[in-house]
Every structure is written in C-alpha cells, then in structure tokens.
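Heads up, the thing below is written out as structure tokens.
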Amino acid sequence: MADFPQLVRTPEALKEARKVLGLSAGGLARMLRVEDDRAIRRWETPGATVPGPVTVVMETAMSYLSKRQIISQQLDMMRSGKMRTGFTDLQQGTVDDTAESIAHLEAADADYEAALRILMQVDGNLGNGLEALTLQPNANEPAREVHWYHLWRQTPKHVEGEKDDWSLPNEVSPEAALAYFERHEAGFSEGLSRCADPHDLSAEFILEQREVLRTPRGNSVSLRAGRLVDSFAVRRGRASSHASSNEDAQPFKTIRLNRLAPGSNGGNRELRSLQSAIAYVREQVAADSSRRSELHWIVAITALINSSRTADGFGHARDALAEALRSEGWMSD
C-alpha cells in the first residue's frame with residue numbers, strides 16, 4: 001500500500017503530496033488558482049510556511065486517495081472470494097451480504113473519484129467554493145458512505161439525569177453504532193444487540209439508520225439527519241452472551257495477550273474460546289473506527305463472523321485473530 005502524507009503543513013509534505021498527485025509545480029499552481037509556479041516553489045522551499053487554504057486542499061486530496069486505496073483493496077479481496085462479509089441473525093444464522101458490501105464500496109469509490117476530479121481540475125469554474133472543494137452534498141443530497149444513527153427508548157423514562165435518546169453521525173453500520181454507544185455512553189455496560197425481529201415491540205430501544213445530510217456554512221460544515229433508511233429493535237445484552245451459556249462451548253488453542261488494547265479497563269489476558277474472542281473484538285476493536293478499518297482487523301472480524309460456514313472456518317478464525325493481534329503487538333509469542 002502506497003503511503004500518502006496525511007498532514008500537508010510543511011514544504012516537504014507539500015512537495016511529496018504534489019508528486020503523489022502526479023502534478024508539476026505549474027500543474028499544482030493551476031489547480032490552486034495561483035498565478036504561476038513560483039508560488040509553489042516558494043512554499044516548497046525548506047523553512048517556508050504553507051498557507052492554510054493550500055493545506056486544506058492538499059490534505060483533502062490525500063484523504064480521498066487514501067480512502068480509494070483502502071476501498072480498492074477491500075473490493076479486490078471480496079471479488080476474488082478471499083473475503084466475505086455478513087452478519088449473524090438469531091433465526092437465520094449467518095447471512096452473507098458480500099454483494100451488498102461490494103455495491104456499497106463501489107458507490108463510495110465513485111464518490112471519491114468524482115471528488116478528486118473536481119479538486120484537481122485545472123481549468124474552468126470550481127463552482128461553490130468550499131462545497132465543491134470538499135465534495136459536500138447539497139442540503140437535500142445524502143452522503144452514501146456513512147449514516148446517522150439515532151437510538152431512542154421506546155418507553156421514555158423522563159427521569160432527570162437519564163437520557164432517553166442518543167445520536168451518532170457518520171458511522172458505517174448498526175453494529176458499529178451500538179458498539180460506540182456501549183463504550184461512550186453511560187448505562188450500557190452490559191452491552192446492546194439487535195433483536196431477531198426488527199419490529200419487536202418488547203424491545204427497550206429502537207435504532208434508526210438515517211441518511212447524513214451535510215451543508216457547507218462559511219468555513220464549516222453542518223450535519224443533520226435525513227431520510228429514514230432502516231430501523232432495528234434493540235435490547236440490552238450482547239448477542240454472543242445469548243448464543244451459548246458456556247463461555248468455552250467452542251474452545252480453541254489459547255491466545256495469550258502480552259497487554260490489553262489501549263483504553264482497556266482490565267480483563268482476562270487469555271482468549272480460550274470463540275465466544276471470548278468475539279467479546280474481546282467487540283469491546284476493544286469494533287468501537288474504534290480507525291483501527292476497525294485496518295486490513296488485518298477486517299480479515300479477522302470477517303473470519304469470526306463466518307467461522308461456522310466451512311469445516312475449517314473455526315481454525316481460520318482463530319488464525320486470523322492471532323495474526324491481527326500479532327500485527328498490533330498485543331499477542332505473546
């Protein structure tokens with residue numbers, strides 16, 4: 001995977017980012033709408049100050065390129081059959097939704113490709129300034145990569161000091177949203193999970209999945225919830241805890257951790273079963289969007305989800321998890 005400078009705030013980083021985009025100094029000058037390449041060469045001189053607007057444009061471009069690269073890797077693995085995605089339903093078992101994931105990623109990739117075309121055009125009108133520059137949708141145009149999640153109590157308590165609804169913009173899946181609420185909101189220490197029946201009237205909570213609408217306002221962008229996409233009944237307790245009353249019902253060769261994940265409050269340093277592994281990944285990885293997007297965790301989580309699909313799926317899940325932990329430096333050799 002090629003490395004892109006994430007921060008473009010020094011002359012050296014600016015020069016590296018320009019080369020990543022395949023632009024000469026003159027080409028970057030035209031892209032940034034400056035008179036000639038002398039300004040570019042001045043900003044790339046060691047010790048010079050890179051103007052703030054130039055940093056915004058170049059960091060936006062690097063972000064789009066990096067995301068396209070990650071999406072490309074994921075698509076290659078899914079299309080080749082090396083990776084599949086899915087979710088576990090208490091009634092249907094494991095449901096394969098790889099085709100939907102591919103379509104979702106293709107749509108996101110098309111968005112980023114269009115963004116780069118707008119950003120790198122060297123002729124013509126850039127349109128509406130910041131809105132075009134950062135590819136923010138119009139007020140009635142939703143973002144397709146992520147959703148806004150709204151969790152609310154079916155029967156409000158109306159108790160002072162206790163919340164009855166919670167919101168989270170820009171999350172990729174219902175499971176990730178629930179994991180976030182568990183980790184960052186008070187009162188969910190026992191976990192949250194989707195009910196088998198999405199319309200279960202006995203469920204304590206409803207999770208709404210809505211479009212994210214982004215509207216540029218001056219130098220900032222406001223976010224708000226849009227059209228309802230889907231809704232799910234949610235109860236307290238983790239799905240894995242209901243799958244088996246015996247933590248070691250599906251034991252495997254013990255994985256020993258040399259340290260717990262950052263932010264952990266303690267716990268067992270040994271993973272001895274599929275159930276304990278799923279619980280650990282859910283607690284330590286699922287709520288961390290940056291770590292969850294790492295390829296080794298994508299492979300490990302997918303393997304855990306699909307562990308019952310094939311004869312060797314159980315062993316593959318254990319090996320994939322071990323490799324992810326080893327990559328993080330969390331596993332004892």
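The values are calculated or read from the model by the stated rules, or taken from the named source; none is laboratory data. No experiment lies behind these values; they were computed from the predicted model shown. We place every Cβ from the backbone using ideal geometry, glycine too, and count neighbours over all the protein chains shown.
A few points about this structure:
- Test: Val34 is of a type outside the set (Ser, Thr, Tyr), modelled with pLDDT under 85 and not in a loop (DSSP other than H, G, I, E, B): no
- Count of residues meeting criterion [part of a helix (DSSP H, G or I) and farther than 17 Å from Val20 by Cα] in segment 44-69: 2
- Among (1) buried (at least 18 other Cβ atoms within 10 Å of the Cβ); (2) touching a helix residue (DSSP H, G or I) at 6+ places or on another chain (Cβ under 7 Å), the one test that Ala13 misses: (2)
- Residue match in segment 56-69 (condition: closer than 25 Å to Glu113 by Cα, assigned by TED's automatic domain parsing to the domain that holds Glu106, basic (Lys, Arg) and buried (at least 16 other Cβ atoms within 10 Å of the Cβ)): yes
- Qualifying positions in segment 200-224 - buried (at least 19 other Cβ atoms within 10 Å of the Cβ) and either modelled with pLDDT under 75 or of a type in the set (Lys, Arg) (or both): Arg210, Arg214, Pro216
- Residue identified as among the charged types (D, E, K, R), assigned to a strand (DSSP E or B), modelled with pLDDT of 75 or more and within 30 Å of Ala320 (Cβ to Cβ) among Arg235, Arg227: Arg235
- Checking segment 239-249 against the condition returns a match, with at least one residue being modelled with pLDDT under 80, closer than 30 Å to His316 by Cβ, surrounded by fewer than 13 Cβ atoms within 10 Å (Cβ to Cβ) and among the hydrophobic types (A, V, I, L, M, F, W, C).
- Some residue of segment 91-101 being without any contact (Cβ under 8 Å) to a residue 60 or more places away in the chain, charged (D, E, K, R), in a helix (DSSP H, G or I) and closer than 30 Å to Pro198 by Cα: yes
- Segment 4-31: number of residues that are outside any helix (DSSP H, G or I) and out of contact with any Ser or Thr (no Cβ under 6 Å at 6 or more places or on another chain): 8
- Only a single criterion out of (1) assigned to a helix (DSSP H, G or I); (2) at pLDDT 70 or above; (3) touching a strand residue (DSSP E or B) at 6+ places or on another chain (Cβ under 6 Å); (4) surrounded by 15 or more Cβ atoms within 10 Å (Cβ to Cβ) is not satisfied by Glu131, namely (2).
- Counted as qualifying within segment 262-309 are the helices (runs of 4 or more DSSP H) with 2 or more residues that are buried (at least 21 other Cβ atoms within 10 Å of the Cβ) and modelled with pLDDT of 70 or more, namely 274-284, 295-305.
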